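Take a look at the structure below.
The values are calculated or read from the model by the stated rules, or taken from the named source; none is laboratory data. Predicted model only: the values in this text are computed from it and were never measured. Cβ: placed from backbone, ideal geometry, glycine included. Neighbour counts: every protein chain shown.
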Amino acid sequence: MKRRVLLCVAGLSPQIVTETVYALWMEARWKPEVIQVLTTQSGLEQVSASLLSQGQDWLGRLCREYRMGEIEFNESNILVIKDSKGHGLEDIRTESDNLCAANTIVDVVRRATLDENTELHVSLAGGRKTMGYYLGFALSLYGRRHDRLSHVLVSQPFEFSRDFFYPSRETRIIQGRVDGNLVELDCHLAEVTLASIPYVRMRHLQREEILQRKMSYAEAVEVANAHIETPVLIIDLAGRRIKIAEKVISLRPSELAMLSVFAKRRQQGLDPTGAPTRVGEEEWAKWYLDEYKLIRLMRDPLANTEITEKALKRGMDYSFFSQKVSKINRIIKGELGTVLAAYYVIGGRGDYARVYGIPVSAENIHFRPISGIQGEN
């Protein structure tokens, strides 16, 4: 049986934790074995004071009152969102604060879903609205089939009462407001329900190495878009540049020629190929020189290509091949970042008889001019 984990975001209203636990127990007899709460520095104080045993212990009271048994929850389960300097955020108000919150939430959800022996339930009920949005997005990106997303609904006038934590089995009187007037409320009469939220799962679209890697929120969005917007590679031989992921990247003819070889092989439906030392040095030299001379002569019909032709007169060796491939890949990674670049760079497969190719599908490779100022390389 999978270990059940409840993940919540909370601001200054830690009640959403007990309300969610109550709703899960009453509606589905689902009890988390561990709870994790994402919050701010000021939220940490509220959550600790209200839910932990050294404070008011409302979580413990709920578990005892409804005979749920113990739930793992202590100070180490309260995850404080930090700024770029590692200091806990007091609140999330600025663009920088939001970015820190987004990066933290995305990574917490990623790590929570790495263990296949866990079952994750995510609640959007607490915290700033942006926190709930980031949490839902993160689960959409990383969530598995058995992970769930929900929002808890509390009946009026209990919803905004700071003294309400869950419906009690017996009468329990608290203070609340109705139409602006202070009144007594009986927690036994409150209604708390769980609204299950379906979400789009994109985890199966991602490569394992991406799931294992920590990413910022911006990178995660780019990866998601890369899945939805099928990778497209546009090669402008005359302009000596390529367009990928809405970025135009200039390349020298020596690098562009190598990329063009792989792109044309892909278009022709040819299998990934080995490096020069395994497919014949002269054959690789011909493939490369055909593209190199084509690119040089497009810009200047009198261009001198003799230096490169002489260098490859006896064929292409592995050193020449690897230098060009490495240079292209470094340029693309520099423009897109390591994660997104993985959908475009020339990659090798296999341990011993290694073969190389590009991941972009044949129908999404286009040789055509790219509008804009012509490159200078």
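Summary of values
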{"item": "Residues satisfying the stated conditions in region 192-212, i.e. within 22 Å of G126 (Cβ to Cβ) and either in a strand (DSSP E or B) or of a type in the set (A, V, I, L, M) (or both)", "result": "V192, T193, L194, A195, S196, I197"}
{"item": "Within region 109-191, strands (runs of 3 or more DSSP E) holding 1 or more residues that are farther than 22 Å from E45 by Cα, of a type in the set (A, V, I, L, M, F, W, C) and under 18 Å from the mean Cα position of the chain (by Cα)", "result": "118-123, 148-154"}
{"item": "Residue that is modelled with the highest pLDDT, among those in region 340-377 that are assigned to a strand (DSSP E or B) and aliphatic (A, V, I, L, M)", "result": "I365"}
{"item": "Test: residue in region 329-339 that is at pLDDT 85 or above and assigned to a loop (DSSP other than H, G, I, E, B)", "result": "no"}
{"item": "Unique residue being under 19 Å from the mean Cα position of the chain (by Cα) and of a type in the set (A, V, I, L, M) when the list is I105, I92, I35, I78", "result": "I105"}
{"item": "Complete set of residues in region 134-190 that are in contact with a strand residue (DSSP E or B) (Cβ under 6 Å, 6 or more places away or on another chain) and of a type in the set (K, R)", "result": "R148"}
{"item": "Search result, residues across region 242-265 that are charged (D, E, K, R) and more than 29 Å from the chain's Cα centre (by Cα)", "result": "R252, E255, K264, R265"}
{"item": "Any hit, region 65-88, residues being buried (at least 16 other Cβ atoms within 10 Å of the Cβ), part of a helix (DSSP H, G or I), in contact with a Gly (Cβ under 8 Å, 6 or more places away or on another chain) and without any contact (Cβ under 8 Å) to a residue 60 or more places away in the chain", "result": "no"}
{"item": "Qualifying residue in region 96-108 (condition: hydroxyl-bearing (S, T, Y) and surrounded by 16 or more Cβ atoms within 10 Å (Cβ to Cβ))", "result": "yes"}
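Quick grid of which residues meet (1) assigned by TED's automatic domain parsing to the domain that holds D97; (2) surrounded by 15 or more Cβ atoms within 10 Å (Cβ to Cβ); (3) modelled with pLDDT of 95 or more; (4) of a type in the set (K, R):
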residue	(1), (2), (3), (4)
L149	yes, yes, yes, no
S161	no, yes, no, no
N181	no, no, no, no
I210	yes, yes, no, no
S216	yes, yes, no, no
